[in-house]
Number of protein chains: 2
Amino acid sequence: MNKGIVILISGPSGVGKGTVVKEILRDGDKYALSISATTRNKREGEVDGVSYFFISKEEFRSRIEQGLMLEYAEYCGNFYGTPKAYVDEMVNKGKNIILEIEVQGAENVKRIMPEAVSIFVMPPDMNALESRLRSRGTEDEETVRKRLDTAAVEMEKAVCYDYIVVNDRLEDCIDDIKSIISAESHKNINMVNFVKGVLEK
Amino acid sequence: MNKGIVILISGPSGVGKGTVVKEILRDGDKYALSISATTRNKREGEVDGVSYFFISKEEFRSRIEQGLMLEYAEYCGNFYGTPKAYVDEMVNKGKNIILEIEVQGAENVKRIMPEAVSIFVMPPDMNALESRLRSRGTEDEETVRKRLDTAAVEMEKAVCYDYIVVNDRLEDCIDDIKSIISAESHKNINMVNFVKGVLEK
């Protein structure tokens, strides 16, 4: 069995990453979602090992020191991060594992796992992003402005990703990402064993 | 408009490259086939600029000297080669242009056009290749043996290609190749202008 591929998906707030990832995960035989670890308290309805791996700060720090975290960040006094073990487990099971991740986190994972495939999701244009942020209706003018500024800064990093897809029509965006995964699985490095197998017989 | 992609397709005799290429070319808006130049005489039914570009040996040699051929070979006293101009023209029109090409030719094109995407088509196994060669019914035992030996030598070069696809079910093989082209068109280098466009507005 071939190993799975580690897929890093980033994009600005409002671009619709969450929906894109959710749709791709429908194909549960092929895809799995990375589960983060956190030191914050479990909220009602959350399940350990599903929503997050809930661990203590002491445990989290110890894992960082042992190099067991692919990336992590501190946010409002708590740690959030990606345990390497779960990603490795899924990859070895042949699943393509998706990490929905910030720009900084993606850079860190790429350093440890250069074979990870990074994909940046772009909006078709700034107007589309703005109207998506506004249509949420939950944010005031200043917050929308701030998010758009942050988005512009993040999108300047898009060209550092292996691939860039555009979320204009959702179905096209999903097809584009699936094509990337299919292409990656056919790269020479991932097909060496197959070729050997044919030639040896 | 984005430029097209140059696609080099190789594979052993009997693997079904021709059928695969023909099927991909049905999508004529996106794909075009490279037209070779040759110094051999035009046969009945052949059209200049469609079947081949028919040119004299003098002209062919002059084009080689001027670096106007992406690759060429001499076969039975005649030259066959790929004129760079036609490939460039199609790429600039936004067409993905396919070169069905021998291993040596693919290496030469890659040297001149490192951005070309090379794909090797493998049979699922040697038995499949053997039975396809036999089912043609046109070749005697010795020829089949020779072709299988040549195939094995060619397939050892498969890992030098960017991608390796398997022609087991034809539809899957075509999908795999189309996915590769889609993925290539979403590589960061091919999306730089798009990102710039979004950020400039």
Exercise. Go through (1) open to solvent by less than 60 Å² (accessible area, probe 1.4 Å); (2) touching a Phe, Trp or Tyr at 6+ places or on another chain (Cβ under 7 Å); (3) at pLDDT 95 or above one by one and return the number of the condition B:L99 breaks.
Key: (2)
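For every residue, the table says whether it meets (1) away from chain B (no Cβ under 14 Å); (2) over 12 Å from A:Y161 (Cα atoms).
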site	(1), (2)
A:K93	yes, yes
A:L99	yes, yes
A:R111	yes, yes
A:I119	no, no
A:P123	no, yes
Exercise. Please specify each residue of the range B:60-72 satisfying the condition of being under 14 Å from B:S36 (Cβ atoms) and open to solvent by 50 Å² or more (accessible area, probe 1.4 Å).
Key: B:R63, B:L68, B:Y72
Self-check item: Matching residues in the range A:170-201 - criterion: being within 22 Å of A:V21 (Cα to Cα) and either among the acidic types (D, E) or exposed (fewer than 13 other Cβ atoms within 10 Å of the Cβ) (or both)
Solution: A:L170, A:E171, A:D172, A:D175, A:D176, A:E184
Exercise. Give just the number: which of (1) of a type outside the set (A, V, I, L, M); (2) open to solvent by less than 60 Å² (accessible area, probe 1.4 Å); (3) in contact with a Pro (Cβ under 9 Å, 6 or more places away or on another chain) does B:G28 not satisfy?
Key: (3)
Quiz prompt | Selection count where residues are assigned to a loop (DSSP other than H, G, I, E, B), surrounded by 14 or more Cβ atoms within 10 Å (Cβ to Cβ) and of a type outside the set (V, I, T), scope the range B:41-59 | solution = 1
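Hey, any hits in the range A:151-172 for a residue that's aromatic (F, W, Y) and in contact (Cβ under 8 Å) with a residue 60 or more places away in the chain?
Yes; the residues of the range A:151-172 include at least one that is aromatic (F, W, Y) and in contact (Cβ under 8 Å) with a residue 60 or more places away in the chain.
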Exercise. Scan the range A:133-157 residue by residue and report those that are within 14 Å of another protein chain (Cβ to nearest Cβ) and either assigned to a helix (DSSP H, G or I) or among the small types (G, A, S) (or both).
Key: A:L148, A:D149, A:T150, A:A151, A:A152, A:V153, A:E154, A:M155
Exercise. Quickly run through the range A:137-157 and pick out the residues that are in contact with a Leu (Cβ under 8 Å, 6 or more places away or on another chain) and open to solvent by 10 Å² or more (accessible area, probe 1.4 Å).
Key: A:E139, A:R147, A:L148, A:A152, A:E156
Quiz item: In the range B:1-25, what count of residues is obtained for those that are in a helix (DSSP H, G or I) and open to solvent by 10 Å² or more (accessible area, probe 1.4 Å)?
Solution: 6
Exercise. For A:C160, indicate whether it is among the hydrophobic types (A, V, I, L, M, F, W, C), surrounded by fewer than 22 Cβ atoms within 10 Å (Cβ to Cβ) and either more than 7 Å from chain B (Cβ to nearest Cβ) or farther than 16 Å from A:E102 by Cα (or both).
Key: yes
Practice problem: Enumerate the pairs (first residue in the range B:40-59 and within 12 Å of B:N78 (Cβ to Cβ); second residue anywhere and of a type in the set (V, I, T) and not in a loop (DSSP other than H, G, I, E, B)) with beta-carbon separation below 7 Å, excluding pairs fewer than 6 apart on the same chain, so at least 6 apart or on different chains. | Solution: B:Y52/B:T38; B:F54/B:T38
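Residue-wise test of (1) within 7 Å of chain B (Cβ to nearest Cβ); (2) of a type in the set (S, T, N, Q); (3) closer than 25 Å to A:M113 by Cβ.
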| residue | (1), (2), (3) |
| --- | --- |
| A:V165 | yes, no, yes |
| A:D172 | no, no, no |
| A:A183 | yes, no, yes |
| A:K201 | yes, no, no |
Practice problem: Read through the list (1) out of contact with any Asp or Glu (no Cβ under 9 Å at 6 or more places or on another chain); (2) within 14 Å of another protein chain (Cβ to nearest Cβ); (3) at pLDDT 95 or above, then give the number of the only condition that B:P83 fails. | Solution: (2)
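The values are calculated or read from the model by the stated rules, or taken from the named source; none is laboratory data. Quantities reported herein were computed from a predicted structural model and do not represent experimental measurements. Cβ coordinates were reconstructed from backbone atoms using ideal geometry, including for glycine residues, and neighbour counts include every protein chain displayed. Note: areas computed on protein heavy atoms with side chains; ligands, DNA, RNA excluded. Shrake-Rupley method; radii C 1.70, N 1.55, O 1.52, S 1.80 Å.
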